[in-house]
Amino acid sequence: MWENSGKVRLGHQLAEARHRRGWRLLDVARRTTHRPGRLSEIEHGKANSTIDTLAEVGNAVGLLLIFVPNERLADVLALIGQPEPQTHLPTEVGSVYEDVFIPDPPEDNEGTENAGA
């Protein structure tokens, strides 16, 4: 899940940096070793790119590829004007046990308590 949103976020940042420079995909391709079609896939988060590829393309459009601590991500995104990513919390998953097995009926304690009297 995060992998896809991470790829989309990086691709979006690359596309924004390219647009700020007024460049076409062909302009970036001429500054890197990648075809315009591959660059489009990267920008749309549809490519599994290596770190070297992301660093090369980022460098071509004036970006630096770095790691950001999770606890500081919101601060960094706010600084560069990006929206904070939505965190999808896992939903509770029911137990198959509850669907398959029938609970035992409650025991009748009255009969066992009076038996000893």
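The values are calculated or read from the model by the stated rules, or taken from the named source; none is laboratory data. Everything numeric here is computed off the predicted structure, so don't read it as measured data. Virtual Cβ from ideal backbone geometry, glycine too; neighbours counted across all protein chains shown.
Some observations on this one:
- Count - residues of the stretch 71-83 that are modelled with pLDDT under 85 and either loosely packed, with under 11 Cβ neighbours inside 10 Å or touching a strand residue (DSSP E or B) at 6+ places or on another chain (Cβ under 8 Å) (or both): 3
- The residue pairs whose first member lies in the stretch 27-50 and is closer than 17 Å to H12 by Cβ and of a type outside the set (S, T, Y), whose second member is part of a loop (DSSP other than H, G, I, E, B) and modelled with pLDDT under 95, and whose beta carbons are closer than 6 Å, counting only pairs six or more residues apart or on different chains, are E41/A47; I42/S49.
- Restricted to the stretch 10-40, and to residues there that are of a type in the set (K, R) and crowded, with 16+ Cβ neighbours inside 10 Å, the residue that is farthest from L79 (Cα to Cα) is R38.
- All conditions but one from (1) over 18 Å from the mean Cα position of the chain (by Cα); (2) surrounded by 12 or more Cβ atoms within 10 Å (Cβ to Cβ); (3) not aromatic (F, W, Y) apply to E43; the one that does not is (1).
- All positions within the stretch 1-48 that are over 23 Å from F67 (Cβ atoms) and among the hydroxyl-bearing types (S, T, Y): T33, S40
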